[in-house]
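*Asks:* The structure that follows is given in the form of C-alpha cells.
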Amino acid sequence: MRPALGALLLLLALCARASAQAPSEALTPPRLLESPPPVYPAHREAEGEHPTIVLVITLDGKGEVTEVEVEHGFDEDFDRAAVEAVQRWKFEPAKRGDRPVASRIHVAVHFELPHFDLHGPRGMDEMPDMPDPVEVHLDPTLYTARTTREAERLRSEERGPSDVVLEEPTLRRAPAPDAGSLLLRAPGVFVARTEGDAVAQGISLRGFDADHGQDVELTLQGLPINQPSHVHGQGYADLNFIIPEAVWRVRVIEGVYDPRQGDFAVAGSADFELGVSHRGIRFQSSAGSFRTFRQLAIVAPEGEATGTFAAADFQRTSGFGQNRAGQSGRVLGQWEITSGPRTSRVLASFHAGRAELAGVVRLDDVDAGRVGFYDVYPYATTQAQSAETMRGQVAFFHDVRLEGGANASVAVSLLYQRFGIYQNFTGFVERSIENPDWTGRGDLIDQRQEALGLFFQGRYRSPKLEPFAWLTGFAEIGVMGRVDRLDQDQTLVEAPSMRIWDRRIDASITGVDVGVYADLDLQLGERVKVKGGVRADLLSYDVTNRLGHRLPYGRPPDYLEGSHTTALGVAAGPRIAAEIRAHDRLRFLAAYGEGFRSPDATTLGEGERAPYTKV
C-alpha cells in the first residue's frame, strides 16, 4: 500500500500546484437585449386575470434560450404563453472574463389585459373609445440574472414519485454537524451516529434498515462512497469526510428508478453535490454541550465558479457519557474551470478521526445499579473500545456540452481508506478457534481494513430526437468501472496489552465492478413523459484468505489452512418512471425498478456464481 499511497500524495501535490496557477477571471451575468411581451390567452380575457409567472431559463454560450422551466406558475394557459414568450427573447451571453459561458437565469413574466379601464368594469355601451394597443417591451432592469456553475442538468431527473432534490436554501435552514444530518431534510430518511464520530452513520430509508449503507447507494458527485466487502459491514459508507457547509445540493431517490443507480441501491440512493454560493472568506468557531468545539474555515474566491472553494474544519467533543470522546479533522477542496462548452473540476479531500466507544450495557445491570446508563463496564476489555479512520481522495471531472442538447462527461477517482475499530458486545464468552483451551480473556474484537480504489465513469447523451411530431426525447448510454484492493483483519485482542489471542480474518480481496446502462428520456405529446432503461453489472472477485474458512470449536489447529478463491456474477434489471399530467395541478406517476447489493467476497466459494440481494 505504501507505494500507492506515495503516488496518491504526489498526484495531490500536482493538482494543488495546478490549482494555484489557475487564473481568476471575473464572472459577468447575461444581459437582456430584446423581450417581446407575452400574448395574453384570448379565451381568458373575460376572467380579468393578471398573473406573474417566474421562469428559469437556460442560455447557451451564444445567449440563445435552450431550455425553459416553470418555477412558479399560474395555470396551463398562462404558463404556456410565458414559455413561448421567453423563447423569443434575445440575450447577450454570460461571460467569464472575455469568454462566453452557458448560464441559468430567473425571469418574471407579467400579464395584463390587452384593454383595461382604470375606473373599473362598465357595460359595453359605456366603454369609451380605446386606442389600439401599443406593444410595450418589458424593462430589462426588472429581471435579475445569476450565473450558476452549470447551465442545465446533464441528465434528466424526476425519476418516479419520490425523487427529492434539496437545494442550498433548504440545506441551510438549520445547522448540520455533519453531512449525514443533511439527509434528514429528505422525507422518509433517518440518520443517526450510533458508534461515535469515527464510524459511519446508521441510515434508515422508508423502513429499510440500511445499517452503515448496505441498502442505500451514497455518492459524491457520482463517485461511489459505499465500500464493498468491508470488514465492518457490507456497503460501509462513511460520510464524515464531507464538510456540510460545502454541500449545495443533495438528491435523494427513494427507490431504484434511474439506470445510473448502481451497487447498494436497494432502498434508494443519495448524491451530494459540492459548491459554495456565498463567495469570500469565512472563519467560524462554535462550542456546545459536553465540551464540544468546532473550527471551520472556507475560502471561496470572488469571481470564481460556485464549485471552486477550499474548506477545512476541526472538531472535538468529550461526549455525553463515559468513553464517548472524539476528535476529527477534514480538508475538502475543488477547483472548477469553464471554457466555452467545457467544464473541468479537480477535487481533493482528506479526513482523519478517532473516537472512544462505550459499547453496550445490559438493562438488568442498569436497573440493579451495577452500571450507569451512560457508563461503561469497569473492565479493561470494555474500556478499550475505540475507532479510527483515515481517508484521502483525488478526482477529476470533465463535462462538455454539444449542439442540440447533447452532452458528455467523464470522471476518474483514486481513493485510499483505512479503518480500525475495537468493540466488545458479548463480554467474556468467546473461545479461541486456534486453541480451544483459550477463553475468558475478554471479547474485544479488533477489525482492520486498508483499501485502495480506482473508479472511472463515462456517459453520453444524444442530441434531441424527434422521430415523430408527437414523440421527442433523448437517449443516453453510460459505463463505469471500479477496482478495489482490500486488506482486512479481524482478531480477538486482550486488553490492556492489546495482544492478539485469536485470529478470525486475514484476507486480501481484489474486486472489479463493470457496469453499463442505457437510458431514454421521452416526451409523448404534451402530457406524458417516460424515463428509464436497463442496467447490468458484472462483478469479479479474487480472494486470498490466509486463515481459510472458520472452523468449529475443538477442531485441531493443523486444519487451519489458507485458501484462494475466485468468483463472478452478473446483476441486471430494468428501471422506469412514467408521468401523466392530467391537469396543470394533477399528475399521475408510476415507477418500477430492480436494485441490487453485491455479496461479501469472503463468503464466496471457488467458482461460485456470486449471489446478489435484489429488490
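The values are calculated or read from the model by the stated rules, or taken from the named source; none is laboratory data. Quick caveat: nothing in here was measured; it's all calculated off a predicted structure. A quick note on method: Cβ atoms are made from the backbone with ideal geometry, for glycine too, and the neighbour counts reach across all protein chains shown. What goes into the accessible areas is simple: the full protein's heavy atoms, side chains included, and nothing from ligands, DNA or RNA. Shrake-Rupley method; radii C 1.70, N 1.55, O 1.52, S 1.80 Å.
*Asks:* Which Cα, out of 447, 493, 523, lies furthest along the positive dipole direction of the range 408-554 (beta carbon charges, K/R +1, D/E -1)?
*Replies:* Going by the Cα projections, it comes out as 523.
*Asks:* Could you list the chymotrypsin sites (Phe, Trp or Tyr not before Pro) in the range 339-401 that lie in coil according to DSSP, counting only those with at most 13 other Cβ atoms within 10 Å of their Cβ? Provide the component values of the computation, followed by the final result.
*Replies:* Numbers: sites: 350, 373, 374, 379, 396, 397; in loops: 373, 374, 379.
For chymotrypsin sites (Phe, Trp or Tyr not before Pro) across the range 339-401 that sit outside H, G, I, E and B with at most 13 neighbouring Cβ atoms in 10 Å, the list reads 373.
*Asks:* Still on this model: I need the calculated FRET efficiency for the pair residue 50 and residue 454, taking r as the beta carbon distance and R₀ as 60 Å, to the nearest 0.05.
*Replies:* 0.55
*Asks:* Given the Cα-Cα distance of residue 157 and residue 67 and 0.36 nm per residue of separation, how much length would full extension add, in nm?
*Replies:* So the extension gain works out to 31.0 nm.
*Asks:* OK, next. If one computes the Cα centroid of the range 320-345 and of the range 152-179, what distance in Å separates the two points?
*Replies:* 18
*Asks:* Can you bin every Cα-Cα distance in the range 247-312 into 10 Å intervals starting at zero and give me the percent of pairs per bin, rounded to whole numbers?
*Replies:* 18, 29, 25, 26, 2
*Asks:* With a Förster radius of 25 Å, plug the Cβ-Cβ distance of residue 534 and residue 586 into 1/(1 + (r/R0)^6) and report the FRET value to the nearest 0.05.
*Replies:* Details: r = 30 Å, r/R0 = 1.21.
Efficiency for this residue pair is about 0.25.
*Asks:* Assuming a ≥ b ≥ c are the square roots of the Cα gyration tensor eigenvalues, decide whether the range 251-366 counts as rounded (a/c under 1.5), prolate (otherwise, with a/b larger than b/c) or oblate.
*Replies:* On the way: a/c = 3.20, a/b = 1.40, b/c = 2.28.
Oblate shape, in that a/c is at least 1.5 and b/c is the bigger or equal ratio.
*Asks:* According to a simple spin-label model (label point 7 Å from Cα along Cα-to-Cβ), what is the distance in nm between residue 510 and residue 282?
*Replies:* Between residue 282 and residue 510, the simple spin-label model gives 4.4 nm.
*Asks:* Under the 0.36 nm per residue contour assumption, what length would be gained going from the current alpha-carbon distance of residue 318 and residue 568 to full extension?
*Replies:* Length gained between residue 318 and residue 568: 85.4 nm.
*Asks:* While we're on this one: Could you work out the local net charge near residue 508, counting Lys and Arg as +1, Asp and Glu as -1, over the other residues with Cβ closer than 12 Å to its Cβ?
*Replies:* Working: positive: 485, 546; negative: 450, 484, 487, 489, 506, 542.
Charge balance near residue 508 sits at -4.
*Asks:* Given a Förster distance of 25 angstrom, what is the FRET efficiency for residue 479 paired with residue 206, based on the Cβ-Cβ distance and rounded to 0.05? Mind dumping the intermediate values first?
*Replies:* Numbers: r = 30 Å, r/R0 = 1.20.
Efficiency, rounded to the nearest 0.05: 0.25.
*Asks:* I want to check a number: in the chain, how many lysine pairs have alpha carbons closer than 25 Å, given a sequence separation of 8 or more or different chains? It would help to have the intermediate numbers written out before the result.
*Replies:* Numbers: 62/90; 62/95; 62/464; 90/464; 464/529; 464/531; 531/614.
Qualifying lysine pairs in the chain: 7.
*Asks:* Summing Lys, Arg as +1 and Asp, Glu as -1, what charge do residues with Cβ under 12 Å from the Cβ of residue 351 carry, residue 351 excluded? Mind dumping the intermediate values first?
*Replies:* Working: positive: 330, 354, 391, 418; negative: 178, 197, 238, 313, 388.
Result for the local shell: -1.
*Asks:* Also, quick follow-up: Compute the helix-to-body angle for 2-20: its Cα long axis versus the longest principal axis of the chain, expressed 0 to 90° and rounded to tens.
*Replies:* That helix lies at roughly 30 degrees to the long axis.
*Asks:* Please report the net charge: other residues with Cβ closer than 10 Å to the Cβ of residue 478, K and R +1, D and E -1. Let's see the in-between values first.
*Replies:* Details: positive: 155, 260, 459, 461, 535; negative: 476, 519.
With Lys, Arg at +1 and Asp, Glu at -1, the neighbours total +3.
*Asks:* Taking 0.36 nm per intervening residue step and subtracting the Cα-Cα distance, what contour gain separates residue 88 from residue 362 on full extension? The partial results should precede the final answer.
*Replies:* Values: separation 274, 0.36 × 274 = 98.64 nm, distance 7.14 nm.
Result: 91.5 nm gained on full extension.
*Asks:* Non-local amide H neighbours of residue 292 (under 5 Å, H modeled in plane, Pro and chain starts lacking H): which ones?
*Replies:* For residue 292, the qualifying residues are 318.
*Asks:* Roughly how many Å² is the accessible area per residue of the chain, as a whole number, for a 1.4 Å probe?
*Replies:* Numbers: 29580 Å² over 615 residues.
Heavy-atom SASA per residue in the chain reads 48 Å².
*Asks:* While we're on this one: With a cut-off of 20 Å, note down the residues of the range 533-547 whose backbone N falls inside the zone around a label point 7 Å from the Cα of residue 609 toward its beta carbon.
*Replies:* Counting backbone N atoms under 20 Å from the label point, the list is 535-542.
*Asks:* For the chain, the longest stretch holding no GluC sites (Glu not before Pro) located in a DSSP loop with at most 11 other Cβ atoms within 10 Å is which? List each step's numbers first, then the result.
*Replies:* Details: sites that count: 135, 302, 526, 561, 606.
It runs 303-525.
*Asks:* Looking at the range 325-400, which trypsin sites (Lys or Arg not before Pro) are DSSP coil and have at most 12 other C-beta atoms within 10 Å of their C-beta?
*Replies:* Details: sites: 330, 342, 345, 354, 362, 370, 391; in loops: 362, 370.
Answer by residue number: 362.
*Asks:* If you take the charge dipole of the chain about its Cα centre, with +1 on Lys and Arg Cβ and -1 on Asp and Glu Cβ, which of 381, 223, 268 is farthest toward its positive end?
*Replies:* Most positive-ward Cα: 381.
*Asks:* Turning to a different aspect of this structure: How many nm separate the modelled label positions at residue 527 and residue 108, each set 7 Å beyond the Cα in the direction of the Cβ?
*Replies:* My value for the distance between the label points is 3.3 nm.
*Asks:* Based on alpha-carbon centroids, what's the gap between the range 274-288 and the range 394-410 in Å, whole number please?
*Replies:* 29
*Asks:* Roll a 1.4 angstrom probe over the protein heavy atoms and tell me the percent of accessible area of the chain that is carbon or sulfur. Don't skip to the answer; put the middle values down first.
*Replies:* Details: 16930 of 29580 Å².
Heavy-atom surface of the chain belonging to carbon and sulfur, 1.4 Å probe: 57 percent.
*Asks:* Just want the answer: with Cβ charges of +1 for Lys and Arg and -1 for Asp and Glu, which residue in 394, 414, 424 is farthest toward the dipole's positive end in the range 388-431?
*Replies:* 424
*Asks:* If the only charges are +1 at each Lys and Arg Cβ and -1 at each Asp and Glu Cβ, what is the size of the charge dipole of the chain around the Cα centre, to the nearest 20 debye?
*Replies:* Working: 66 positive and 86 negative charges, 411 e Å.
Dipole size: approximately 1980 debye.
*Asks:* Just to confirm the number: angle between the C-alpha axis of helix 76-86 and the first principal axis of the chain, 0 to 90 degrees, nearest 10?
*Replies:* Around 80 degrees separate the two axes.
*Asks:* What is the magnitude of the charge dipole of the range 222-314 about its Cα centre, with +1 placed on the Cβ of each Lys and Arg, -1 on the Cβ of each Asp and Glu, and no other charges, expressed in debye to the nearest 20? Working shown, then result.
*Replies:* Numbers: 7 positive and 10 negative charges, 59 e Å.
Using Cβ point charges on Lys, Arg, Asp and Glu, the range 222-314 gives about 280 debye.
*Asks:* Computed from the coordinates I sent, semi-axes √(5λ) of the Cα gyration tensor in Å equals one of (1) 39, 38, 25; (2) 54, 26, 24; (3) 49, 35, 20. Tell me the label.
*Replies:* Working out semi-axes √(5λ) of the Cα gyration tensor in Å from the coordinates points to (2).
*Asks:* While we're here: Go ahead and estimate [θ] at 222 nm for the chain from helices alone: -39,500 (n - 2.57) per DSSP H run with n ≥ 4, summed, over the residue count, rounded to 500.
*Replies:* Working: 6 runs with 47 residues, N = 615.
When only DSSP H runs of four or more count, the value is -2000 deg cm²/dmol.
*Asks:* Also: Can you put 480, 390, 498 in order of accessible area, largest first, using a 1.4 Å probe?
*Replies:* Details: 480 30, 390 80, 498 55 Å².
I get 390, 498, 480, largest accessible area first.
*Asks:* With a ≥ b ≥ c the root eigenvalues of the C-alpha gyration tensor of the range 570-615, is it rounded (a/c under 1.5), prolate (a/b larger than b/c) or oblate? The partial results should precede the final answer.
*Replies:* Working: a/c = 8.67, a/b = 4.73, b/c = 1.83.
Taking the square roots of the gyration eigenvalues as a ≥ b ≥ c, the range 570-615 is prolate.
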